[in-house]
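Asks: To start, I am sharing the structure in question, which I have written as structure tokens.
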Amino acid sequence: MPQTPGIEADVVVVGFGAAGACAALEAAGGCDVVVLDRFGGGGATALSGGVVYAGGGTRWQREAGVPDSAEAMFGYLRTEVGDAVSPGTLRAFCEGSPEMLAWLERHGVPFHGSLCPDKTSYPSNRHYLYYSGSELSARNTAPPAPRGHRVHGRGTSGKVLYARLARAVAASGARVVRQTTACGLVTDEAGRVTGVECRTLRGGPAWARTGHQVLHQWSAKPWVYAPKLGRVLHRPVAWLERRYGRPLRVTARRGVVLAAGGFVANRPMMREHAPGYRGGLPLGTPGDDGSGIRLGSEAGGATAFLDRVSVWRFLSPPPALLTGVLVGADGRRLCDESRYGAAIGEAIMTGGKGRAWLFVDRATVALARRQLRGPALWFQRFQAWYLLTTARVSAPTVAGVAARAGVDPAGLAATVDAYNAAAIQGGNDPAGKPAELVRAQDRPPFSLIDCSVRPRLAYPAPMLTLGGLMVAEGTGQVCRADGAPVPGLYAAGRTAVGLCSHSYVSGLSLADCVFSGRRAGRHAAAARPVSTVST
Ligand SMILES: Cc1cc2nc3c(=O)[nH]c(=O)nc-3n(C[C@H](O)[C@H](O)[C@H](O)COP(=O)(O)OP(=O)(O)OC[C@H]3O[C@@H](n4cnc5c(N)ncnc54)[C@H](O)[C@@H]3O)c2cc1C
């Protein structure tokens with residue numbers, strides 16, 4: 001029988017996105033590291049907005065003259081993070097945050113302190129520091145500070161984040177083996193993970209490798225913005241893998257780090273764990289097929305928070321829409337409209353069963369139209385234009401607009417009356433919206449803007465999965481249901497439970513990838529090497 005070809009290393013990292021790159025960088029100081037990726041690397045990280053959640057007095061916060069402390073950051077994040085990680089781990093994350101950003105900068109990732117003046121879903125190319133969560137809404141709990149550090153680069157800057165990390169990994173001496181899919185884990189008699197079974201296009205025909213690379217690149221953006229087209233374009237990529245993939249065994253003397261993203265692209269897994277989220281737009285790549293989570297589970301790892309999905313519903317830009325009133329089909333208020341888009345999405349999914357409308361008056365629509373001329377990226381402009389035109393119905397009375405949209409008129413009237421009364425009495429809003437955003441919606445004609453979570457090209461509801469393999473918070477080692485670690489196996493990023501597994505705010509996933517990737521890489525590299533005779 002011909003032997004399966006093999007590669008040996010101290011640490012093997014599965015997945016070359018932010019988490020995998022950070023794991024590789026930490027492990028490479030003194031260790032032989034191999035990184036595997038099914039495609040060319042980059043994953044969701046390279047497509048992302050490149051916002052990293054950081055605070056506690058980062059260099060860029062100081063340059064922007066923004067006061068912040070680890071305590072204030074901890075106070076706010078505690079309200080978002082819930083029980084996803086222990087208070088001790090959250091505190092360590094907050095206290096280490098300025099250093100984490102400095103570490104990224106040392107590896108070539110650029111940031112900037114230009115502060116965004118408005119509350120927005122994503123800052124324009126002029127601004128790189130902004131309120132990326134619900135800090136202002138939670139100001140009674142913790143002093144707010146802008147902590148969304150967008151990587152410096154035009155457009156969605158995740159591509160810069162990935163490119164700089166990839167360059168640093170190449171300089172570190174780690175070997176990156178592309179077009180190689182991890183299919184199974186190798187364990188020894190004691191149950192320790194000692195390697196990875198793969199299918200690789202390495203050594204396959206050059207045309208097949210080029211085709212795989214080019215077709216995957218072509219399908220990456222459609223996969224996010226027009227999923228049906230993306231799936232069609234991706235079919236030949238999967239075929240090439242099946243047809244020309246060859247077995248490869250990669251042996252790990254010290255440990256394997258699973259950093260293969262989440263499972264938003266795995267429809268059976270989504271149906272099983274998050275059946276209510278069918279109207280959302282899967283935010284990720286074909287690599288988010290849950291294979292990292294599956295590999296860890298097969299080795300005995302337990303999972304958690306698989307039902308937690310972040311679905312985004314941004315109302316701003318234009319910021320004027322934040323003064324509106326978000327209601328469900330029964331006309332009842334859903335939440336403070338100035339909260340972060342994922343919190344609004346959660347309120348729509350839980351309180352509105354996926355359906356929601358924003359009630360605004362003539363003055364708000366007029367101001368929102370004027371604000372469209374301000375700084376915004378193309379997709380934000382397009383979305384705002386859609387909300388103010390196609391998604392909006394209007395009528396001279398509250399009852400009339402309710403009837404046009406199919407919202408309960410009595411419920412809507414009661415909600416609008418209560419809101420307007422709060423605005424007239426100084427902005428003490430029952431839903432807790434900051435007073436400066438509570439403006440009476442009392443000038444006819446009135447409008448209801450459809451913000452429901454359903455498939456729409458112009459106003460998609462992007463979603464990503466937050467749960468994954470349970471890990472020991474001190475080391476990143478994958479844990480069994482009883483808490484015992486699976487020897488030799490680590491997980492990071494969206495393959496693992498992390499800081500954002502309960503609730504996502506912009507930047508917290510990438511920040512968690514850096515935090516958990518570094519932790520896993522460091523501990524895998526420090527593990528005692530084993531003899532690599534495997535079963
Ligand atoms: C459009 C968009 C915008 C976003 N904006 C932000 C933002 O601004 N801030 C933020 O915090 N988050 C953002 N997110 C979410 C964030 O990008 C992801 O949660 C994060 O990048 C996940 O990183 P990761 O390292 O866990 O996985 P990925 O970056 O997806 O990397 C996983 C890698 O593993 C590879 N892989 C998968 N399976 C296998 C296998 N079996 N064998 C080998 N390789 C495999 C994949 O090819 C991929 O390259 C955004 C996401 C998208 C799509």
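The values are calculated or read from the model by the stated rules, or taken from the named source; none is laboratory data. The structure displayed is predicted, hence computed values, not measured ones. Please note: Cβ atoms are built from the backbone with ideal geometry, for glycine as well, and neighbour counts cover all protein chains shown. These area figures cover heavy atoms from the full protein model, side chains too; ligands, DNA and RNA do not enter into them. Shrake-Rupley method; radii C 1.70, N 1.55, O 1.52, S 1.80 Å.
Asks: For segment 335-427, which fully contained helices (runs of 4 or more DSSP H) count at least 3 residues that are closer than 30 Å to ARG150 by Cα and at pLDDT below 95?
Replies: 341-351, 362-371, 378-388
Asks: Does LEU129 satisfy the condition of being in contact with a strand residue (DSSP E or B) (Cβ under 8 Å, 6 or more places away or on another chain), modelled with pLDDT of 95 or more, within 16 Å of the ligand (Cβ to nearest atom) and over 30 Å from VAL14 (Cβ atoms)?
Replies: In short, yes.
Asks: Here is a further query. Tell me whether segment 97-114 contains one or more residues that are among the polar types (S, T, N, Q), assigned to a helix (DSSP H, G or I) and within 15 Å of the ligand (Cβ to nearest atom).
Replies: Yes, there is a match, as at least one residue in segment 97-114 is among the polar types (S, T, N, Q), assigned to a helix (DSSP H, G or I) and within 15 Å of the ligand (Cβ to nearest atom).
Asks: Right, another one. I'd like to know if segment 252-260 contains one or more residues that are of a type in the set (D, E, K, R), open to solvent by 30 Å² or more (accessible area, probe 1.4 Å) and under 19 Å from GLY15 (Cα atoms).
Replies: Yes, segment 252-260 contains at least one residue that is of a type in the set (D, E, K, R), open to solvent by 30 Å² or more (accessible area, probe 1.4 Å) and under 19 Å from GLY15 (Cα atoms).
Asks: Could you please find all residues in segment 233-266 being farther than 18 Å from THR303 by Cα, out of contact with any Ser or Thr (no Cβ under 7 Å at 6 or more places or on another chain) and of a type outside the set (A, V, I, L, M, F, W, C)?
Replies: ARG235, PRO236, ARG242, ARG243, TYR244, ARG254, GLY255
Asks: Of all residues in segment 286-316, which are open to solvent by less than 30 Å² (accessible area, probe 1.4 Å), over 20 Å from GLY498 (Cα atoms) and of a type outside the set (D, E, K, R)?
Replies: PRO286, LEU315, SER316
Asks: Need pairs with beta-carbon distance below 6 Å; first residue among the β-branched types (Val, Ile, Thr) and within segment 511-532, second in a helix (DSSP H, G or I); sequence gap 6+ or separate chains.
Replies: Sorted first by the residue in segment 511-532, then by its partner, the pairs are VAL514/CYS22; VAL514/MET100.
Asks: Applying the selection to segment 58-70, what residues are touching a residue at least 60 places away in the same chain (Cβ under 8 Å) and either buried (at least 21 other Cβ atoms within 10 Å of the Cβ) or assigned to a helix (DSSP H, G or I) (or both)?
Replies: Answer for segment 58-70, where residues must be touching a residue at least 60 places away in the same chain (Cβ under 8 Å) and either buried (at least 21 other Cβ atoms within 10 Å of the Cβ) or assigned to a helix (DSSP H, G or I) (or both): THR58, TRP60, GLN61, ASP68.
Asks: Shifting gears a bit: Say whether the condition of being within 14 Å of the ligand (Cβ to nearest atom) and among the β-branched types (Val, Ile, Thr) is met by at least one residue in segment 61-70.
Replies: no
Asks: Let me ask something additional. Answer yes or no as to whether THR475 is within 9 Å of the ligand (Cβ to nearest atom) and on the phi < 0 side of the Ramachandran plot.
Replies: It is false that THR475 is within 9 Å of the ligand (Cβ to nearest atom) and on the phi < 0 side of the Ramachandran plot.
Asks: Now for a different question. Look at SER447 and say whether it is open to solvent by less than 20 Å² (accessible area, probe 1.4 Å), closer than 22 Å to VAL365 by Cα and either touching a strand residue (DSSP E or B) at 6+ places or on another chain (Cβ under 6 Å) or touching a residue at least 60 places away in the same chain (Cβ under 8 Å) (or both).
Replies: Yes: the conditions hold for SER447.
Asks: Filter segment 409-432 down to residues that are in contact with a helix residue (DSSP H, G or I) (Cβ under 7 Å, 6 or more places away or on another chain) and among the acidic types (Asp, Glu), then give me how many there are.
Replies: 1
Asks: Please enumerate the residues belonging to segment 270-285 that are away from the ligand (no atom under 15 Å from the Cβ), open to solvent by 20 Å² or more (accessible area, probe 1.4 Å), in contact (Cβ under 8 Å) with a residue 60 or more places away in the chain and out of contact with any strand residue (DSSP E or B) (no Cβ under 6 Å at 6 or more places or on another chain).
Replies: HIS273, GLY276
Asks: I'd like the full set of residues that are near the ligand (Cβ under 9 Å from one of its atoms) and over 30 Å from PRO236 (Cβ atoms), limited to segment 286-311.
Replies: Once the filter is applied, which keeps residues that are near the ligand (Cβ under 9 Å from one of its atoms) and over 30 Å from PRO236 (Cβ atoms), segment 286-311 yields only SER310.
Asks: Please go through (1) in contact (Cβ under 8 Å) with a residue 60 or more places away in the chain; (2) of a type in the set (S, T, N, Q); (3) open to solvent by 20 Å² or more (accessible area, probe 1.4 Å) for ASN266 and return the number of the only condition it doesn't satisfy.
Replies: With respect to (1) in contact (Cβ under 8 Å) with a residue 60 or more places away in the chain; (2) of a type in the set (S, T, N, Q); (3) open to solvent by 20 Å² or more (accessible area, probe 1.4 Å), ASN266 is out only on (1).
Asks: Return the pairs, sorted by first residue and then second, in which the second residue is basic (Lys, Arg) and open to solvent by 20 Å² or more (accessible area, probe 1.4 Å), the first residue lies in segment 39-57 and is closer than 26 Å to PRO143 by Cα and within 7 Å of the ligand (Cβ to nearest atom), the beta carbons are less than 8 Å apart, and the residues are 6+ apart or on different chains.
Replies: Correct list of pairs: GLY50/LYS159.
Asks: Every residue in segment 335-370 that is among the polar types (S, T, N, Q) and crowded, with 17+ Cβ neighbours inside 10 Å, please.
Replies: Those that are among the polar types (S, T, N, Q) and crowded, with 17+ Cβ neighbours inside 10 Å: SER338, THR364.
Asks: I need the full set of residues from segment 494-516 which are near the ligand (Cβ under 8 Å from one of its atoms), within 21 Å of THR79 (Cα to Cα) and in a helix (DSSP H, G or I), in order please.
Replies: Passing the criteria: ARG494, LEU508, SER509, LEU510, ALA511, ASP512, CYS513.
Asks: Consider THR45 carefully, then state whether it is outside any helix (DSSP H, G or I), open to solvent by 10 Å² or more (accessible area, probe 1.4 Å) and of a type outside the set (D, E, K, R).
Replies: no
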